[in-house]
Structure formats: C-alpha cells, structure tokens
Amino acid sequence: MSGTIEPLRGMNDVLPEDARWWRRVESAARSVFARYGYDEIRVPLLERTALFKRAIGEYTDIVEKEMFTFEDRDGDSLALRPEATASIVRAAISNGLLHNQRHRLFTIGPMFRGERPQKGRYRQFHQIDAEAIGYEGPDVDAELLLLAARLWRELGIDRVRLELNSLGTPESRAVYREALRGYFRASIDALDADSRRRLDGNPLRILDSKNPALTELIAKAPLLAEYLDPASAEHFEGLKRRLEAAGVAYVVNPRLVRGLDYYSRTVFEWTTDALGSQNAICSGGRYDGLVQQLGGTPTPAIGWALGIERIILLMQELGGGAAAESPHVYCVLAGAAAAERGLALAERLRDALPWLRIETDLGGGGFKAQFKRADRAGAAVALVLGDEELARGVAQLKPLRGGEQEECAFDGIAARLQALLDPAGRDE
C-alpha cells in the first residue's frame with residue numbers, strides 16, 4: 001500500500017501553534033472550577049450503547065443517526081461517547097457516589113458524533129462539562145450559569161447571550177406532549193419523515209427541527225410555558241431572581257427545549273452572533289430524573305457542556321490572543337564545553353525560577369544560526385555562553401526586543417532574569 005494516510009473526515013489534528021489556544025481555554029476552565037469548588041472526574045471514551053439510548057432518548061438525532069456504535073467480540077453493542085453527562089451519572093452510580101452525598105464535578109475530553117463535518121462541528125470534538133449532582137434548588141442552577149459567565153470574562157468573550165426556559169416536570173411535560181401531538185397531527189401532511197416518526201415517540205423533538213419548511217408551523221405550536229406546573233414555575237422564577245441580583249442578563253426563549261430527552265425544568269443555551277449558524281457555545285439544563293432512569297435512587301442534578309473548538313473559533317473571531325508561550329530565555333551555546341554545561345545551567349535556572357520558560361539550543365551551529373533560532377522562537381532574552389565565558393563563570397544576557405547586553409556571574413543570573421522578565425515580582 002503506497003501513498004500517505006490522511007486523517008479521518010471530521011477528526012482533526014491539533015498542531016502545536018493551535019494547541020496554545022486549547023491550553024488557554026482548558027487552563028482558564030480549571031482555574032474557574034477550582035474557585036467554585038468543582039472536582040475533576042474522568043470517564044471512559046467507550047460505553048455500552050444502552051447507556052446512551054436510555055439516557056439521551058431513542059428518538060434523538062444523536063442516537064438515531066450520529067453515534068459511533070459497533071459490536072465487540074462478545075456481541076455486546078458499544079458506543080464512543082457522544083456526550084459526557086450520561087457517563088458521569090453512570091460513574092456516580094457505579095462507584096457509590098450518591099449515598100447521602102452531593103458532588104460538583106467537571107470533565108474535559110473528546111466526544112464523538114457521526115454528523116456532517118463543517119466549521120465548528122466535527123466528528124471528534126472536545127467538550128468541557130460541568131455537573132452538580134444532588135442539588136435541588138434554583139441556587140445551583142444560578143451558580144452554574146454564573147460560573148460560565150465568569151469563564152467568558154476570563155477568556156475575553158463578550159458577544160454572548162443567555163437564553164433560558166423551563167421544561168417543567170415529566171408530568172406537566174406529558175400533558176404538553178399530548179397537546180403537541182394533537183397540534184401536529186392536525187397538520188400531518190406538512191410534516192417531514194423525521195417529524196412524523198417522532199410524533200408518536202417524542203413530539204418535543206419536532207420543535208428542534210431544522211427543516212425551514214416547518215418553521216411557520218412550529219412557530220404557531222402551543223407553548224410549554226402554558227402547561228408549566230406551579231413548582232417548576234416557582235423554581236424558574238427563583239433562578240431568574242438570582243441571575244438578576246448577580247447582574248447576569250438573560251432572555252426567556254419559550255421554544256428552547258434542548259435535544260436530549262433527560263432534561264427537566266431549567267434548560268439554557270449561551271449563544272453568540274459571531275459564528276453564523278453555529279451559534280450555540282454552551283448548553284445544558286436540569287436532569288432530575290436521569291439518575292433514577294439509569295438505575296440509581298432519585299437524585300436532582302444539573303449540568304452544562306461547551307465545545308472547545310467552537311469557543312476557540314469565537315475567541316479568534318473576537319480578536320483574542322492565545323496564551324503567550326514563547327520562551328523567556330533562549331540559551332545560545334558556542335563551543336563543546338559550553339554546549340555540555342549549558343543544559344545543566346538551564347536546569348539550575350528552572351529550579352530557581354519555576355515560572356521561567358527556557359529553550360536550550362540543541363544540535364549546535366554558529367552564533368548567527370543560533371540567534372536566528374532564538375528570534376524565531378520569540379524569546380525575550382538570549383543567554384549566551386561560550387567556552388571563554390564558561391572559563392570565567394559568567395554568561396552574557398542579551399535582550400532580543402530592545403536593551404543593552406550585560407555580563408552576569410552564574411550565581412546572579414536567576415536574580416537578574418527575575419528583574420528583567422518579572423519586574424513586578426511573583427510569589428514562588
């Protein structure tokens with residue numbers, strides 16, 4: 001077999017320059033989660049297909065059309081995870097985390113859906129997922145939304161809009177579902193094949209249809225708010241009051257139902273007008289019945305997920321920059337003895353200044369070639385060490401972005417670099 005092997009369609013390489021954006025997003029998320037008391041959980045990429053059928057719903061596009069499923073050698077049906085919530089709930093049940101316990105959790109990692117790849121939508125994509133399990137009141141709903149709002153500020157994202165709705169309890173939603181069936185059945189000839197199939201299974205999925213021919217029909221459908229039970233209405237009002245008190249703007253979108261069957265009460269989306277049709281950047285809601293649905297004891301819960309690829313596209317669209325990761329110092333080493341001792345000197349500096357990024361020239365070459373590499377790397381300072389400097393126990397510090405070259409004894413280099421590169425000082 002000859003020729004190159006290309007990546008699978010919709011599954012992309014993240015090259016070093018792009019990975020800077022990823023690290024910035026993931027680092028900001030981890031920092032914010034820590035400040036709110038959320039602990040990390042890691043769950044498998046591969047689960048039993050039945051988990052997602054029971055959790056997400058058989059009449060969703062994800063289960064019907066998009067999951068990567070296959071049979072293993074024992075004939076069991078397995079699936080690459082299309083989302084993380086079901087796996088986290090399964091892990092909580094499997095590991096006994098729900099016995100008189102409450103958990104604030106997050107996970108970061110790849111998900112898989114076999115949909116048509118396009119900008120901001122891929123077959124392997126990556127999510128940051130936040131879940132609060134065991135909390136019933138609207139206070140945790142508000143906290144998760146405040147956490148997301150803080151993450152946008154950390155990342156310099158401002159063109160976002162929060163949309164809210166309440167789906168009510170399963171009982172009130174069942175009444176609404178029958179009203180929808182009656183409404184759509186009266187216009188069954190106007191429905192496409194997908195909508196007709198969902199009419200008897202879950203007519204709320206018809207409200208998610210992207211078929212433009214159904215836009216007007218869907219717009220005139222009954223509103224879920226008209227069937228909301230009193231307890232869910234009060235829960236929703238409590239959420240709105242808390243967001244208003246914290247200064248988080250929102251709009252109520254009565255057509256927002258979300259694409260997964262496990263949601264109840266609060267559902268929400270953060271959207272943007274900066275990415276065209278791929279406008280949702282963070283979505284989620286309550287899933288108070290999911291733990292019981294998957295075999296656990298009844299447990300309230302809520303969560304959201306954001307797509308890292310889409311967040312990065314938005315940051316780039318808004319003109320944000322990736323985290324600066326150029327080396328602070330580039331070690332230019334001239335001469336055999338200097339080349340040997342240069343690595344040890346760099347290690348001493350890393351020990352003394354843990355925040356310092358140092359790149360040591362490897363492979364040799366003359367001063368001109370090494371200085372070119374130092375400039376290309378974006379280093380702020382070149383630490384120049386030749387055999388003559390080595391014999392005297394000194395090195396030359398040459399600022400590459402303006403400033404005078406100076407000579408410095410080995411035992412004073414760390415302090416001088418601290419002053420040059422971190423004049424405000426930092427707590428080590």
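The values are calculated or read from the model by the stated rules, or taken from the named source; none is laboratory data. These numbers were taken from a predicted model, which means no experiment stands behind them. Glycine also receives a Cβ, built like all others from the backbone with ideal geometry; neighbour counts cover every protein chain displayed.
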Requested in this report: Answer yes or no as to whether Tyr263 is of a type in the set (Phe, Trp, Tyr) and outside the structural domain of Glu143 (by TED's automatic domain parsing).
Outcome: no
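Matching residues to (1) crowded, with 17+ Cβ neighbours inside 10 Å; (2) assigned to a loop (DSSP other than H, G, I, E, B):
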residue	(1), (2)
Cys282	yes, no
Thr299	yes, yes
Ala305	yes, no
Arg310	yes, no
Gln316	no, no
Ala338	yes, no
Leu349	yes, no
Pro354	no, yes
Requested in this report: Please enumerate the residues belonging to segment 198-233 that are surrounded by 12 or more Cβ atoms within 10 Å (Cβ to Cβ), within 23 Å of Ser172 (Cα to Cα) and either more than 31 Å from the chain's Cα centre (by Cα) or β-branched (Val, Ile, Thr) (or both).
Outcome: Leu199, Gly201, Ile206, Leu217, Ile218, Ala221, Pro222, Leu223, Tyr227, Leu228, Asp229, Ala231
Query - Qualifying positions in segment 328-344 - within 16 Å of Asp411 (Cα to Cα) and free of Cβ contacts under 8 Å to residues at least 24 places away in the same chain - result: Leu343, Ala344
Query raised in the report: Restricting attention to segment 128-143, does a residue exist that is touching an Asp or Glu at 6+ places or on another chain (Cβ under 7 Å), within 30 Å of Glu317 (Cβ to Cβ) and among the hydrophobic types (A, V, I, L, M, F, W, C)?
Result: no
Report task. Assess whether Ser195 counts as being within 24 Å of Ile281 (Cα to Cα), buried (at least 18 other Cβ atoms within 10 Å of the Cβ) and in contact with a Leu (Cβ under 9 Å, 6 or more places away or on another chain). Result -> no
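Can you give me the ranges of the strands (runs of 3 or more DSSP E) entirely in segment 13-132 with at least 1 residues that are over 14 Å from the mean Cα position of the chain (by Cα) and of a type in the set (D, E, K, R)?
46-48, 69-71, 103-112
Are any of the residues in segment 30-41 surrounded by fewer than 18 Cβ atoms within 10 Å (Cβ to Cβ), closer than 30 Å to Asp194 by Cβ and in contact with a strand residue (DSSP E or B) (Cβ under 6 Å, 6 or more places away or on another chain)?
Scanning segment 30-41, I find no residue that is surrounded by fewer than 18 Cβ atoms within 10 Å (Cβ to Cβ), closer than 30 Å to Asp194 by Cβ and in contact with a strand residue (DSSP E or B) (Cβ under 6 Å, 6 or more places away or on another chain), so the answer is no.
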Report summary line: Of the listed residues (Ala379, Ala374), the one being assigned to a loop (DSSP other than H, G, I, E, B) and either in contact (Cβ under 8 Å) with a residue 60 or more places away in the chain or surrounded by 13 or more Cβ atoms within 10 Å (Cβ to Cβ) (or both) is Ala379
Report task. Taking only segment 155-183 into account, find how many residues are touching a strand residue (DSSP E or B) at 6+ places or on another chain (Cβ under 7 Å) and either in a loop (DSSP other than H, G, I, E, B) or not basic (Lys, Arg) (or both). Result -> 10
Report task. Search segment 388-403 for residues being of a type outside the set (Val, Ile, Thr) and in contact with a strand residue (DSSP E or B) (Cβ under 7 Å, 6 or more places away or on another chain), and hand back the single one that is surrounded by the fewest Cβ atoms within 10 Å (Cβ to Cβ). Result -> Gly393
Report task. Only residues that are among the charged types (D, E, K, R), within 30 Å of Gly289 (Cβ to Cβ) and surrounded by fewer than 19 Cβ atoms within 10 Å (Cβ to Cβ): list them for segment 147-175, please. Result -> Arg150, Arg161, Glu163, Glu171
Requested in this report: Please name all residue pairs, on different chains or six or more residues apart, with Cβ atoms under 8 Å, provided the first residue is in segment 137-149 and is touching a residue at least 60 places away in the same chain (Cβ under 8 Å) and closer than 13 Å to Glu244 by Cβ and the second residue is among the hydroxyl-bearing types (Ser, Thr, Tyr) and buried (at least 20 other Cβ atoms within 10 Å of the Cβ).
Outcome: Pro138/Thr266
Query - Close pairs (9 angstrom Cβ cut-off, 6 or more residues apart or separate chains): farther than 19 Å from Ala409 by Cα in segment 345-371, among the hydroxyl-bearing types (Ser, Thr, Tyr) anywhere - result: Arg357/Ser326; Glu359/Ser326; Glu359/Tyr330; Asp361/Tyr330; Gln370/Tyr330; Phe371/Tyr330
